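Let me begin by presenting the structure, written as structure tokens, before commenting on it.
The values are calculated or read from the model by the stated rules, or taken from the named source; none is laboratory data. In this text, all values refer to a predicted model and were calculated from it rather than measured experimentally. Cβ placement follows ideal geometry from the backbone for every residue including glycine, while neighbour counts extend to all protein chains displayed. Ligands, DNA and RNA are excluded from the accessible area calculation, which covers all protein heavy atoms including side chains. Shrake-Rupley method; radii C 1.70, N 1.55, O 1.52, S 1.80 Å.
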Amino acid sequence: MGALTIPGTVISLLFCCALLTSDFTLCTGSPDVRDFVVGTTGECHYLNGTQRVRLLDRYFYNQEEQLYFDSDKGKFIAKTEFGKPDADYWNSQKEIIEQRKHAVETFCIHDYDIIHSVTADRRVEPKIKISLMSQYERPHAKQHILLCNVNGFFPSAIEVKWYRNEEEQTEQVEFTEPHHNGDWSYQLEVMLETEIQKGDTFTCEVHHESLKAPYRVNWHPQSSDSAKNKMATGIVGIVLGLVFFIVGLVIYMRGRKGQTPFPGHQNERFLQ
């Protein structure tokens, strides 16, 4: 896969533990259990405004989705064995199922006008930064990983492509899941594993509706962070060397001027 597109209009709200109910088994672990994170997101998917609205109520344990409620199917669906007991139990409870179905009206449609008024005409251009992953900055390694960070864009629909010497790269390209920044913007990272040779030009190209034309950022091997750091270190070393040389020369010349010469006849009388 050489490009990523995030389609559709999705409004997601993040909550701690269960949405609309508090009996989610994953939220009631033993007090002695530590180092785990539980959470849920309520996602409202809109098609043609509110003509068709779909609610996804998703539950996570340590960033892994365990189960979710799909309003189109009218039931909870387990994604792991750990989430199956809760899905089976909640599906057997008529009140819980009706509560989730009713949330399409009370939660998604009710808040659509408020959310739409904020997001309908909002367009924020992405910021792009290319970097060479530090663990792959070995000068003699055959494979390297370049990272294209695309940050601060809105809305979420976006397409990202990698090019090497103007040739699109479709192999060895990986995308992270886009996530919210908490300020009504998104970010994602796109990685390219490739060989890097002197003279190569790598380009990260972004297509987004906030842009009049695709946004392109180029990266060259000699402009890597490692090369810049080495160059900066060399320049600092040269400057310090010149400073010490000049200071030493000044001290030496002052010392020479401070010596008092003794003419030959004065030396003779001094010796007598």
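Assorted remarks:
- Cα-based shape type of region 71-222, given that a ≥ b ≥ c are square roots of the gyration tensor eigenvalues and the cut on a/c is 1.5: oblate
- Label-to-label distance, nm, for residues given as Met253 and Leu47 (7 Å Cα→Cβ offset): 8.4
- Packing, taken as the mean count of other beta carbons within 10 Å per residue, orders the peptides 89-97, 40-48 from highest to lowest as 40-48, 89-97.
- For region 35-100, a/c is not less than 1.5, where a ≥ b ≥ c are the root eigenvalues of the C-alpha gyration tensor, and a/b does not top b/c. That puts it in the oblate class.
- Charge dipole of region 148-249 (Cα centre as origin; +1 on each Lys and Arg Cβ, -1 on each Asp and Glu Cβ, all else neutral): 680 debye, rounded to the nearest 20.
- In Å², nearest 10: area of His116 left accessible to a 1.4 Å probe: 80
- Relative contact order of region 33-171, taken over Cα pairs closer than 8 Å and 6 or more residues apart, is 13 percent.
- Taking region 70-175 as the region of interest, the number of lysine pairs whose Cα atoms are within less than 24 Å, with members eight or more places apart or on different chains, is 14.
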